[in-house]
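A.B. asks: Below: one structure in structure tokens.
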Amino acid sequence: MQAGSGTEDFIDFFCKHKIVIADAADAVGVEVNDHFVPDIEPLGVMVHGFGGQRDARHVAKRGDEVFACEFAVELAVHDVPPLCFAQELLHLRIGKFFRGHDGIPLGSDNRGKKHYAAQAARQQQRRFSSKGLYRAYWFFIERAQEFDYRRGFLCRKNARCAPVRNRKTENDVKKKIRTIQYGVGPIGASVARLMREKQAIEIIGAIDTDPAKIGRDLGEIAGATDAPWGVKISSQAKDVLEQAADVVIHSTSSFLPKVMDQLLMCLEAESCVVSTCEELSYPFRTYPELSANLDAAAKDWGVALVGTGVNPGFVMDKLVVTLAAVSQRIEHAKAMRVVDAAKRRLSLQKKIGAGMTVEEFRGQAAAGVIKHVGLPESVAMVADSLNLPVEQITETIEPKIATERVRTEYLTVEPGQAAGVHQIARGTSKDGKELVYLELQLYVGAKDPADTISLTGQPNISLVIPGGSPGDIATASVIVNSIPAILDAPAGLRTSRDLPIGFLSPNAKP
């Protein structure tokens with residue numbers, strides 16, 4: 001919607017300004033400048049102050065800065081000129097942009113509700129330059145019904161914020177998904193390379209604290225064949241996040257307490273987050289207070305975050321829950337994953353204790369250093385999703401002993417040494433009955449690797465993936481394929497079971 005130079009005259013009864021309603025392919029481009037606007041319902045306006053968000057649900061609603069009325073202005077346009085989509089314009093609610101709206105109280109707290117365009121937006125101080133100038137802003141027309149995220153103003157949900165200025169064609173409205181890579185270790189590098197292949201994604205920044213990486217090109221550090229990319233790695237997370245990315249890909253640590261400050265900083269930058277932090281995959285039982293803090297912060301800033309990957313995030317939780325869709329009753333859920341770590345990165349082989357003596361392994365396991373992180377979180381997700389009354393979650397970690405010499409690209413494991421981990425997590429009921437069983441054998445030289453899922457109930461169901469999901473490749477794939485889903489999710493802390501993750505094709509349009 002465009003208007004003249006006056007910021008306060010939104011509806012012009014004297015035809016001095018131009019009102020244009022337009023968006024993507026399904027939009028309506030109708031000029032209403034020669035008709036009086038009749039039948040105004042009880043006067044009210046809605047304030048929308050957007051600063052680049054792709055999804056209107058990811059807009060914070062804060063009473064100290066945004067005002068929204070219960071009843072918006074409704075225009076009757078039955079007598080609009082007979083252009084192609086006139087009837088699509090019936091019952092419009094108009095949002096009006098104000099440059100000054102601080103301190104106006106909000107009527108109610110909608111935390112937890114979906115952030116559609118009807119909900120007003122918060123503009124934070126970082127949106128202003130040092131000279132007091134505004135960056136490019138956006139404002140909205142909202143129909144009484146909901147919108148579609150990618151297709152403009154249709155009768156669907158999730159309106160996409162599109163720039164008002166110079167909107168002439170569909171291509172002007174669409175923009176690439178702007179991402180920042182936070183953490184450029186082996187997984188972060190793999191994710192960055194995959195994002196680079198996607199036409200819909202643009203990497204605008206990278207963060208890492210390794211002195212050997214700071215100041216270098218992301219493409220070079222990621223080992224990309226088309227490097228350099230023109231994206232420099234910086235240790236100044238706050239400065240990089242100021243670029244207002246749509247999504248931050250976060251891959252720095254497996255442990256939630258260690259990354260809380262990083263995650264909160266990303267949320268404060270009003271960016272959605274997809275993280276490889278295993279303990280973030282389903283943290284509600286292990287870290288209820290941290291979970292609540294993250295959920296509240298995400299809703300305050302109007303964004304969504306999720307912890308995901310191949311395991312946890314897919315094989316031993318989301319896939320189990322998805323397979324249960326063909327069941328009528330579930331009594332017991334079991335997942336077993338056998339992985340040959342000889343084909344994985346050095347950091348993983350060290351993480352599982354490959355090459356250690358049994359005594360060294362047990363000591364490191366007792367200290368919490370040697371283990372695969374995330375099995376208890378997967379048990380909790382499966383139990384809650386299938387409504388199994390799990391009261392207690394237990395976990396055991398034992399070394400997988402090599403019976404023969406195993407050589408990998410990085411190390412050699414002798415017979416009698418630890419080749420990796422044999423880890424089991426169980427979810428039991430109050431009376432001790434086992435309801436969920438997850439077993440992970442992750443070691444170098446594993447025979448017959450596979451992912452196996454078994455559901456006991458009505459009917460009994462089993463699924464076997466010969467060879468198993470391909471480790472690091474699958475992790476990067478799940479992370480990147482989750483990007484559209486997290487942009488389309490309601491604000492707050494989400495899990496992989498909440499997201500309809502699909503395949504993001506390399507040539508998918510923005």
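A.B. asks: Got a sec? Which of Ala333, Ala425, Ala419 is out of contact with any Asp or Glu (no Cβ under 9 Å at 6 or more places or on another chain), among the aliphatic types (A, V, I, L, M), within 25 Å of Asp498 (Cβ to Cβ) and open to solvent by less than 30 Å² (accessible area, probe 1.4 Å)?
C.D. replies: Details: Ala425 fails: out of contact with any Asp or Glu (no Cβ under 9 Å at 6 or more places or on another chain); Ala419 fails: within 25 Å of Asp498 (Cβ to Cβ).
After applying the criteria, what remains is Ala333.
A.B. asks: Let me ask something additional. If only one of Ser251, Ser234 is within 26 Å of Glu197 (Cα to Cα), of a type in the set (S, T, N, Q) and over 18 Å from the mean Cα position of the chain (by Cα), which one is it? Walk me through how you get there before you give the answer.
C.D. replies: Details: Ser251 fails: over 18 Å from the mean Cα position of the chain (by Cα).
The match here is Ser234.
A.B. asks: Condition (residue is in contact with a Leu (Cβ under 7 Å, 6 or more places away or on another chain), on the phi > 0 side of the Ramachandran plot, in contact (Cβ under 8 Å) with a residue 60 or more places away in the chain and not basic (Lys, Arg)) applied to segment 360-378: is it met by at least one residue?
C.D. replies: Residues of segment 360-378 that are in contact with a Leu (Cβ under 7 Å, 6 or more places away or on another chain), as a first pass: 372, 375, 378.
Then keep just the ones that are on the phi > 0 side of the Ramachandran plot; that gives none.
Taking every residue of segment 360-378 in turn, none turns out to be in contact with a Leu (Cβ under 7 Å, 6 or more places away or on another chain), on the phi > 0 side of the Ramachandran plot, in contact (Cβ under 8 Å) with a residue 60 or more places away in the chain and not basic (Lys, Arg).
A.B. asks: Would you check if Val390 is in a loop (DSSP other than H, G, I, E, B), in contact (Cβ under 8 Å) with a residue 12 or more places away in the chain and open to solvent by less than 40 Å² (accessible area, probe 1.4 Å)? Even if it seems obvious, please write down each step before you answer.
C.D. replies: Working: in a loop (DSSP other than H, G, I, E, B): yes; in contact (Cβ under 8 Å) with a residue 12 or more places away in the chain: yes; open to solvent by less than 40 Å² (accessible area, probe 1.4 Å): yes.
Considered against the rule, which asks whether it is in a loop (DSSP other than H, G, I, E, B), in contact (Cβ under 8 Å) with a residue 12 or more places away in the chain and open to solvent by less than 40 Å² (accessible area, probe 1.4 Å), Val390 comes out as yes.
A.B. asks: Something else about it: Give the residue that is farthest from the chain's Cα centre (by Cα), with candidates limited to residues of segment 217-231 that are more than 14 Å from Gly185 (Cβ to Cβ) and in contact (Cβ under 8 Å) with a residue 12 or more places away in the chain.
C.D. replies: Looking at residues that are more than 14 Å from Gly185 (Cβ to Cβ) and in contact (Cβ under 8 Å) with a residue 12 or more places away in the chain, I get Asp226.
A.B. asks: Restricting the first residue to segment 308-333 and requiring it to be under 19 Å from Glu439 (Cα atoms) and among the basic types (Lys, Arg), which pairs with a second residue that is in a helix (DSSP H, G or I) and open to solvent by 40 Å² or more (accessible area, probe 1.4 Å) meet a Cβ separation below 7 Å and a spacing of at least six or different chains?
C.D. replies: So the pair list comes out as Lys318/Arg497.
A.B. asks: Another one. Every residue in segment 462-510 that is among the β-branched types (Val, Ile, Thr), in a loop (DSSP other than H, G, I, E, B) and open to solvent by 30 Å² or more (accessible area, probe 1.4 Å), please. Steps first, please.
C.D. replies: Within segment 462-510, the first condition is being among the β-branched types (Val, Ile, Thr), and the residues that meet it are 464-465, 473, 475, 478-480, 483, 486, 495, 501.
Now drop any that are not in a loop (DSSP other than H, G, I, E, B), which leaves 495, 501.
Selection gives Ile501 alone.
A.B. asks: If you check Gly363, Gly368, Gly432, which single one turns out to be open to solvent by less than 60 Å² (accessible area, probe 1.4 Å), in a helix (DSSP H, G or I) and out of contact with any helix residue (DSSP H, G or I) (no Cβ under 9 Å at 6 or more places or on another chain)?
C.D. replies: Working: Gly368 fails: in a helix (DSSP H, G or I); Gly432 fails: in a helix (DSSP H, G or I).
Unique residue meeting the criteria: Gly363.
The values are calculated or read from the model by the stated rules, or taken from the named source; none is laboratory data. Keep in mind that this is a model prediction, so the values were computed, not measured. For neighbour counting, all protein chains shown are included, and Cβ atoms are generated from backbone atoms with ideal geometry for every residue, glycine included. Just so you know, the surface numbers come from the protein's heavy atoms only, side chains and all, with ligands and any DNA or RNA stripped out. Shrake-Rupley method; radii C 1.70, N 1.55, O 1.52, S 1.80 Å.
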